[in-house]
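*Asks:* Can you keep this structure in mind? I'll have questions shortly.
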Amino acid sequence: MVATMSSTTIAGSFNPRSIDELRQGPTTVVYDGACPFCTAYTKLVQLRESVGTVRLVDARSLPEELISALAGTYNLDNGMLFIHERKIYHGNDAVNRIALLSSDNNLVRRISSAALAKPSVAAALYPLLRLGRNTAIWLRGAGRIHR
């Protein structure tokens, strides 16, 4: 099996109903499947080598009650979630943590990891990443995750 996050997706077999269920099991990335940048990023990074199985979850497939429960603390329109060892990271903290745990065995990953592995740089760059995501979502007419 190729060691990308996309190859470890558990498609259709994971239907969490609560935040606690999201924390269970393997490392999980909750991202916006309607965003081409988010999708590309999840395919780019390699986590499996360092954390084992990685479960990818399109935030748009989550049940409305879970999206509402997350909205109080984690707005999925403002950032992806990275759940590792039962701890939830959101937005720039999520991409920072992913960068720290990703392998950097090619130039693009190495550059991405070098930039996003520094918390201050991840925090500074994340608004630009979110702007790109929001623009792509708007151009696609996909709408917001939190309704």
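*Asks:* Which of the residues that make up segment 40-60 are charged (D, E, K, R) and at pLDDT below 85?
*Replies:* Pass one, segment 40-60, residues charged (D, E, K, R): 43, 48-49, 55, 58, 60.
LYS43, ARG48, GLU49, listed by residue number.
*Asks:* If I filter segment 101-147 down to residues being open to solvent by 90 Å² or more (accessible area, probe 1.4 Å), at pLDDT 80 or above and part of a helix (DSSP H, G or I), which single residue comes out as farthest from THR27 (Cα to Cα)?
*Replies:* The residue in question is LEU139.
*Asks:* Out of all the residues in segment 22-38, which are of a type outside the set (Phe, Trp, Tyr), farther than 20 Å from GLU65 by Cβ and open to solvent by 30 Å² or more (accessible area, probe 1.4 Å)?
*Replies:* If the condition is that a residue be of a type outside the set (Phe, Trp, Tyr), farther than 20 Å from GLU65 by Cβ and open to solvent by 30 Å² or more (accessible area, probe 1.4 Å), then PRO26, PRO36 are the ones that fit.
*Asks:* Follow-up question, since we're still on this one. Would you confirm whether any residue within segment 73-96 is of a type in the set (A, V, I, L, M, F, W, C), at pLDDT below 85 and buried (at least 19 other Cβ atoms within 10 Å of the Cβ)?
*Replies:* From segment 73-96, those of a type in the set (A, V, I, L, M, F, W, C) are 76, 80-83, 88, 94-95; that's our starting set.
Retained after the next criterion (residues that are at pLDDT below 85): none.
No, there is no match, as no residue in segment 73-96 is of a type in the set (A, V, I, L, M, F, W, C), at pLDDT below 85 and buried (at least 19 other Cβ atoms within 10 Å of the Cβ).
*Asks:* Residue by residue through segment 39-56, note down the ones that are open to solvent by 10 Å² or more (accessible area, probe 1.4 Å) and assigned to a strand (DSSP E or B). Full working, then the answer.
*Replies:* First, pick out the residues of segment 39-56 that are open to solvent by 10 Å² or more (accessible area, probe 1.4 Å): 39-41, 43-44, 46, 48-53, 55-56.
GLN46, ARG55, LEU56, listed by residue number.
The values are calculated or read from the model by the stated rules, or taken from the named source; none is laboratory data. Since we're looking at a predicted model, the values are computed, not measured. For neighbour counting, all protein chains shown are included, and Cβ atoms are generated from backbone atoms with ideal geometry for every residue, glycine included. Surface accessibility is based on the protein's heavy atoms, side chains included, excluding ligands, DNA and RNA. Shrake-Rupley method; radii C 1.70, N 1.55, O 1.52, S 1.80 Å.
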